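Below is one structure, written out as structure tokens, with a few remarks after it.
The values are calculated or read from the model by the stated rules, or taken from the named source; none is laboratory data. Because the structure is a prediction, the values reported are computed rather than measured. Here the Cβ positions follow ideal geometry from the backbone for every residue, glycine too, while neighbour counts run over all protein chains shown.
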Amino acid sequence: MPKRRKFLGQCFLEDKNILALEAKLLDPKDKTVLEIGGGDGRLTRAILQQKSKKLFVVEKDPRFAAMLRDISNSAIQVLEGDFLTIQIPEIDLIIGNIPYYISSEIIFSLPKLHFEKALLMVQKEFAQKMVAKPGDSNYGRLSVTAQIHFEITLEHIVPNHLFRPVPKVDSAIIMLKPTRTLLSGFEEDIIRFIFQHKNKNVKNALIHSNFSASTISKLGGLALRRGRTLAKEECLEIARILETNPA
């Protein structure tokens, strides 16, 4: 077993029951699957046991890529490289126990791809923010943006002692189903402006933006709402009104 490289966020799940649960939740039978970060193949093997039709395994570390190529199964194709930069083939499903430090980058690269659903292991706190509702203390920009892009289900909490090396935090398994909604740069900016000051009302949150008072007044009652109370649909409505009433 190659020594784990901390700079790649390599931390492997030891519990075979959780690995089997992930594969079962994904339900890859007769599907084309992409696994992000195959490591030594422990999740890869669990997926294969569920009779996936084709399994593309992305692995950045050449040492683990070599190990994955040694798995004797004609359904596997190893893609050595960085998931964020390689060409992604046509797939049905995505799965991965992804590094905490690039969870956001990975997840928000997914809306550009065409797939049915993705099952990912992420940091528990990150998962809880993704599924948070308006008014929750951890509801914010991540919650809104993620929920615009995906239908999200928090499937299972995984305690930290089931990993080696043991991380400082627990993990969570989440299911993402694409909504096929893509945010424009303008919409992303408005959501960012609002949630940089989520405890202020929208009018005050936008005060340092380039929108005039007359433009902000077009928001009506939405201008007086605090960012942390806004549903995703209301955030998009604010962006729509501001874009059609330029400063």
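Being without any contact (Cβ under 8 Å) to a residue 60 or more places away in the chain, surrounded by fewer than 18 Cβ atoms within 10 Å (Cβ to Cβ) and farther than 16 Å from Leu55 by Cα is the filter here, so list the residues in the stretch 90-111 that pass it.
Across the stretch 90-111, the qualifying residues are Ser104, Glu105, Phe108, Ser109.
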(message) Against the conditions (1) surrounded by fewer than 17 Cβ atoms within 10 Å (Cβ to Cβ); (2) outside the structural domain of Tyr101 (by TED's automatic domain parsing), where does Val169 fall short? Just the number, please.
(response) (2)
(request) Report whether or not Glu59 is surrounded by fewer than 19 Cβ atoms within 10 Å (Cβ to Cβ) and either outside the structural domain of Pro159 (by TED's automatic domain parsing) or within 22 Å of the chain's Cα centre (by Cα) (or both). (result) no
(request) Just need a number here: residues in the stretch 68-89 that are assigned to a helix (DSSP H, G or I) and either surrounded by fewer than 19 Cβ atoms within 10 Å (Cβ to Cβ) or not assigned by TED's automatic domain parsing to the domain that holds Lys117 (or both). (result) 1
(request) Those residues that are under 17 Å from Pro28 (Cα atoms) and touching a residue at least 24 places away in the same chain (Cβ under 8 Å), I need them from the stretch 59-89; list them, please. (result) Asn73, Ala75, Ile76, Pro89
(message) Restricting to the stretch 212-246, name every residue that is in contact (Cβ under 8 Å) with a residue 60 or more places away in the chain, farther than 15 Å from Glu188 by Cα and basic (Lys, Arg).
(response) Arg228
(message) Among the numbered criteria (1) crowded, with 19+ Cβ neighbours inside 10 Å; (2) over 16 Å from Val131 (Cα atoms); (3) in contact with a helix residue (DSSP H, G or I) (Cβ under 7 Å, 6 or more places away or on another chain), which one does Ile174 miss?
(response) (2)
(request) Could you please let me know if Asp40 is touching a residue at least 40 places away in the same chain (Cβ under 8 Å), acidic (Asp, Glu) and farther than 22 Å from Ala127 by Cα? (result) no
(request) Out of the residues in the stretch 95-106 that are touching a strand residue (DSSP E or B) at 6+ places or on another chain (Cβ under 6 Å) and among the β-branched types (Val, Ile, Thr), state the one that is farthest from Gly39 (Cα to Cα). (result) Ile95
(request) Among residues belonging to the stretch 203-224 that are assigned to a loop (DSSP other than H, G, I, E, B) and among the hydrophobic types (A, V, I, L, M, F, W, C), point out the one that is farthest from Gly135 (Cα to Cα). (result) Phe211
(request) Please state which one of Leu93, Leu142 is more than 26 Å from Phe195 (Cα to Cα) and assigned by TED's automatic domain parsing to the domain that holds Pro28. (result) Leu93
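It is to be established whether one or more residues within the stretch 187-202 are out of contact with any helix residue (DSSP H, G or I) (no Cβ under 9 Å at 6 or more places or on another chain), outside the structural domain of Ala132 (by TED's automatic domain parsing), in a helix (DSSP H, G or I) and not aromatic (Phe, Trp, Tyr).
Looking for residues that are out of contact with any helix residue (DSSP H, G or I) (no Cβ under 9 Å at 6 or more places or on another chain), outside the structural domain of Ala132 (by TED's automatic domain parsing), in a helix (DSSP H, G or I) and not aromatic (Phe, Trp, Tyr), one finds none in the stretch 187-202, hence no.
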(request) Look at the stretch 36-53 and say how many of its residues are under 20 Å from the mean Cα position of the chain (by Cα) and in a loop (DSSP other than H, G, I, E, B). (result) 3
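Here is a check on your reading of the model: is Thr229 surrounded by fewer than 20 Cβ atoms within 10 Å (Cβ to Cβ), modelled with pLDDT of 95 or more, polar (S, T, N, Q) and within 30 Å of Ala118 (Cβ to Cβ)?
It is true that Thr229 is surrounded by fewer than 20 Cβ atoms within 10 Å (Cβ to Cβ), modelled with pLDDT of 95 or more, polar (S, T, N, Q) and within 30 Å of Ala118 (Cβ to Cβ).
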